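The next block holds one structure in the form of structure tokens; read it before the comments.
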Amino acid sequence: MEIKVLHQVMEWNDDVSAQVRDTLREHKVCLINVMGSPGAGKTSLLTALIARLREQFAIGVIEGDITGQIDAEKIAALNIPAVQLNTDGACHIEAMSIQHILPQFDLDGLDVLFVENIGNLVCPAEFDIGENFRLTVLSIPEGDDKVAKYPLMFTDTDCLVLTKCDMLPYFDFDLERVTADYRGVNPQGPLFRLSVRTGDGLDELAAHLAGRIRAALA
Ligand SMILES: Nc1nc2c(ncn2[C@@H]2O[C@H](COP(=O)(O)OP(=O)(O)OP(=O)(O)O)[C@@H](O)[C@H]2O)c(=O)[nH]1
Ligand SMILES: [Mg+2]
């Protein structure tokens with residue numbers, strides 16, 4: 001299977017994110033920026049969400065990684081249009097790169113474009129890539145102090161997903177602490193607890209996203 005691999009375009013992006021947003025609005029595509037640490041479970045979550053959303057929406061995915069095409073191959077194996085973006089060392093994706101990649105997709109045939117950002121709890125939060133909304137993934141094994149230690153990632157998000165909840169019995173992870181810390185920086189932000197391993201909580205998140213996607217496309 002041949003995967004297109006494009007490389008990061010590094011330019012400051014204030015206006016470019018607005019241009020990306022305009023292009024996507026013109027073609028009625030909702031862009032969702034998925035962020036979280038390396039290994040948090042972003043690709044696994046996307047795979048599970050695609051299974052639940054693909055009958056309602058035409059979905060495409062941009063997979064961001066420093067190098068390689070492992071994640072794009074996983075998405076393409078689902079028969080979902082996928083393009084790999086390699087940042088060649090940069091710890092975040094820039095709007096300029098998204099603008100560069102958009103022509104790789106049949107935008108008129110898409111409803112939703114997921115972007116899996118580079119695994120990192122810091123840099124991606126600082127860059128608007130033209131998204132309609134942001135989804136932050138935090139997994140149980142990462143620890144319950146991450147909202148307190150990396151607040152911007154949780155302040156500037158539209159949805160927090162606590163994943164790998166099947167691991168709760170094995171970790172000292174205080175759900176109340178994380179919830180309180182999140183409420184402290186993002187009082188209105190939705191919070192979902194789920195496990196891709198067991199499937200618990202996935203339908204609720206998929207229903208929430210479907211509502212937000214419809215609102216964005218209206
Ligand atoms: N137990 C458990 N493991 C999970 C769950 N979700 C993902 N994993 C595992 O976590 C590991 C990392 O998952 P990925 O989906 O590759 O994580 P990622 O955030 O995409 O990783 P990068 O793209 O490298 O940043 C894999 O071994 C998954 O099988 C879950 O809900 N429960
Ligand atoms: Mg991944």
(request) Look at the range 192-216 and say how many of its residues are within 16 Å of ligand 1 (Cβ to nearest atom), of a type outside the set (Lys, Arg) and buried (at least 16 other Cβ atoms within 10 Å of the Cβ). (result) 8
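Sort out which residues of the range 159-187 are surrounded by fewer than 19 Cβ atoms within 10 Å (Cβ to Cβ) and either β-branched (Val, Ile, Thr) or at pLDDT below 95 (or both), and write them in order of number.
Thr179, Val185
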(message) Taking the condition of being away from ligand 2 (no atom under 16 Å from the Cβ) and modelled with pLDDT of 95 or more, how many residues in the range 63-94 meet it?
(response) 2
(request) Could you please find all residues in the range 161-194 being under 24 Å from Ala125 (Cα atoms) and of a type in the set (Ser, Thr, Tyr)? (result) Thr163, Thr179, Tyr182
(message) Exactly one condition in (1) among the aliphatic types (A, V, I, L, M); (2) within 14 Å of ligand 1 (Cβ to nearest atom); (3) without any contact (Cβ under 8 Å) to a residue 40 or more places away in the chain is false for Ala72; which is it?
(response) (3)
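Does at least one position in the range 91-109 carry a residue that is away from ligand 1 (no atom under 13 Å from the Cβ), within 19 Å of Asp158 (Cβ to Cβ), of a type outside the set (Ser, Thr, Tyr) and buried (at least 18 other Cβ atoms within 10 Å of the Cβ)?
For the range 91-109, residues away from ligand 1 (no atom under 13 Å from the Cβ), within 19 Å of Asp158 (Cβ to Cβ), of a type outside the set (Ser, Thr, Tyr) and buried (at least 18 other Cβ atoms within 10 Å of the Cβ): present.
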(request) Scan the range 159-191 residue by residue and report those that are part of a helix (DSSP H, G or I), among the polar types (S, T, N, Q) and within 14 Å of ligand 1 (Cβ to nearest atom). (result) none
(request) Kindly establish whether Gly60 is at pLDDT 95 or above, loosely packed, with under 14 Cβ neighbours inside 10 Å and either over 22 Å from Asp88 (Cβ atoms) or within 16 Å of ligand 1 (Cβ to nearest atom) (or both). (result) no
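One line per residue, one yes/no per condition, for (1) surrounded by 18 or more Cβ atoms within 10 Å (Cβ to Cβ); (2) in a loop (DSSP other than H, G, I, E, B); (3) not β-branched (Val, Ile, Thr):
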site	(1), (2), (3)
Gly130	yes, yes, yes
Arg134	yes, no, yes
Leu138	yes, no, yes
Asp144	yes, yes, yes
Ala148	no, no, yes
Thr157	yes, yes, no
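Looking at Glu2, is it at pLDDT 95 or above and charged (D, E, K, R)?
Criteria not met by Glu2.
The values are calculated or read from the model by the stated rules, or taken from the named source; none is laboratory data. Everything numeric here is computed off the predicted structure, so don't read it as measured data. Cβ coordinates were reconstructed from backbone atoms using ideal geometry, including for glycine residues, and neighbour counts include every protein chain displayed.
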